[in-house]
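The structure appears right after this line, and notes come after that.
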Amino acid sequence: MSAPVSLRLRTAATSAIDRVPSYGVRALAPPPPGSGLKPVMGDPGLPVVGHTLGFVGSMLDASRERYARYGTVSWANVIGTPLVIALGPDAIERILVNKDRAFASREGWNYFIGPFFDRGVMLMDFEEHRHHRRIMQEAFRREQLVRYVEAMNPAIERGIAAWEPREGFRLYDRTKQLTLDIATEVFVGGALGAEADRLNRAFVDAVHGGQAIVRRDVPGGRWHRGLLGRRVLEDWFREQLPARRASGGNDLFSVLCRAETEDGERFSDEDVVAHMIFTLMAAHDTSTITFAMAALQLARHPEWQERLREESRALGKATIGFDDLDALPAMDLVFKETLRSNSPVGLVAREARFDTEIDGHFVPAGARIGLGLFPSMRMEPWWSDPDRFDPERFSPERREDAWHKYAFAPFGGTAHKCIGMHFGAMEVKAMLHQLLLRFSLDVPAGYEPLMDYGTGVFPADGLPLTLRRI
Ligand code: HEM
């Protein structure tokens, strides 16, 4: 029997705040006469904080409430700015396919993470983006992925073998450390040495910078620490560059240094630094959250846990390589269902470059947009029984994702589609494989993780599970 999943941080404060705001309902901007477009309706929420607490506290509840009140497109003040919230596969398709180039990724993301991840490939658009993406793609070719998984397996083995079986094992917290160690190995070739702690701190500060409530460079504040973190990372990568350019290493840093397209395009030093910092960020929380939430679901659903363990045992290997992934179909179903029910990327940011439309609603030039990947995959009418953990919905017989190209879009789509999607899948599955061969997972009946929102929705209580050695 599958129990419904609930991923909510429901404090009295956030739920109450979220019920307040029909106050001040108005159109974001009047549609041009004769356009036939509907206005984007919404409301600002509370003074100063707007709807931030509702969205950060429970993006799912806030999105469901918006949808019930205003439909697929609405606006709200979130993190200090009016934000157009777009929901559902049609809106996802419209914005990501972006045929008329109405939506800019750079301007959209800049407001949230620009100072910390400037010049990252996601913060580029159109010709410039295509140029950088083509070079970057060289570092994500199949033959590179095969090498990355070879490099990551020993780090996974060291990490998971040291996990101590017990009740209340904070799996999410420990996974964060594990994925950082894997990144150190695969992204920079394990070369941090005595600097590891300082660089880890700098990385975490840069990631947290974008989550600051006070979005100004005030000494001691999150934003400030984020900027300092970015500087530390830049200095370190710059310092290492000459040696990496000369090396034949197989870590991502060295590979990006020598990546070259068929037309001879290469990255400058500053490009490599910016892409490394951004890619570390893009890879870290996403894989960590996916692995941890998959582990939670397996703890809740022993029948799936056993099915995956049997599949892994049948491989007869302590670690998996890239070519083994096809032999783990049940693991793939669980991976997909975890991404659907807990997409680690909550809202994708864009900005309207000129007056345009989403789902028949008039969106004025300059509007900031939050495209709800996470909530859209957890809502009716696009998914039936969306809170239920049901990996078989992705089975060839059912394919509940197939009715719309963008019903299942945890990796986004088109130009900015996650360049690391195969890397991420490989990392999460390689970790699950080793975890299941060593440990069984359990969780007290009725346990609900306390969810919070950082770069995505994550378990704020560290995810205490019971680990037993098998
Ligand atoms: C389960 C894991 C992951 C998920 C769900 C995920 C999701 C996403 C999404 C939704 C986007 C699109 C953002 C947008 O359109 O604005 C994206 C972009 C990106 N991701 Fe991932 N990601 C994951 C893992 C990774 C990993 C492991 C890496 C690197 C090794 C990575 C590197 C990137 C990069 C570089 C971009 C920007 C691509 C571009 O703008 O051209 N991601 N990811």
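In table form, for the structure just shown:
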{"item": "Some residue of the stretch 403-415 being away from the ligand (no atom under 16 Å from the Cβ) and either touching a residue at least 24 places away in the same chain (Cβ under 8 Å) or loosely packed, with under 14 Cβ neighbours inside 10 Å (or both)", "result": "yes"}
{"item": "Restricting the stretch 71-86 to residues that are small (Gly, Ala, Ser) and out of contact with any Pro (no Cβ under 8 Å at 6 or more places or on another chain), the residue that is farthest from Ala365 (Cα to Cα)", "result": "Gly71"}
{"item": "Output for the stretch 306-325, where each listed residue is among the charged types (D, E, K, R), closer than 19 Å to Ala161 by Cβ and exposed (fewer than 15 other Cβ atoms within 10 Å of the Cβ)", "result": "Arg313, Lys317"}
{"item": "Scope the stretch 416-453; condition under 25 Å from Asp61 (Cα atoms) and within 16 Å of the ligand (Cβ to nearest atom); matching residues", "result": "Tyr453"}
{"item": "Residue among Glu397, Glu392 that alone is outside any loop (DSSP other than H, G, I, E, B) and either out of contact with any Phe, Trp or Tyr (no Cβ under 8 Å at 6 or more places or on another chain) or among the aromatic types (Phe, Trp, Tyr) (or both)", "result": "Glu392"}
{"item": "Selection count, the stretch 317-347, where residues are within 12 Å of the ligand (Cβ to nearest atom), among the β-branched types (Val, Ile, Thr) and assigned to a helix (DSSP H, G or I)", "result": "1"}
{"item": "Any hit, the stretch 292-305, residues being surrounded by fewer than 17 Cβ atoms within 10 Å (Cβ to Cβ) and assigned to a loop (DSSP other than H, G, I, E, B)", "result": "no"}
{"item": "Residue in the stretch 383-402 that is surrounded by the most Cβ atoms within 10 Å (Cβ to Cβ), counting only those that are within 18 Å of Met293 (Cβ to Cβ) and basic (Lys, Arg)", "result": "Arg393"}
{"item": "Neighbours by Cβ (under 6 Å, 6+ apart or cross-chain): first from the stretch 340-353, in contact (Cβ under 8 Å) with a residue 40 or more places away in the chain; second charged (D, E, K, R)", "result": "Glu351/Glu107; Glu351/Arg368"}
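Here's the yes/no breakdown for (1) in contact with a Ser or Thr (Cβ under 7 Å, 6 or more places away or on another chain); (2) free of Cβ contacts under 8 Å to residues at least 40 places away in the same chain; (3) closer than 21 Å to Asp271 by Cβ; (4) crowded, with 17+ Cβ neighbours inside 10 Å:
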residue	(1), (2), (3), (4)
Leu180	no, no, no, yes
Ala183	no, no, yes, yes
Ala206	no, no, yes, yes
Gly221	no, yes, no, no
Arg225	no, yes, no, yes
Phe253	no, no, yes, yes
Cys257	no, yes, yes, yes
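A short reminder: the numbers here are calculations on the coordinates, not readings from a lab. Quick caveat, the model's predicted, so the values are computed rather than measured. Reconstructed Cβ throughout: ideal geometry from the backbone, glycine too, with neighbour counts over all protein chains shown.
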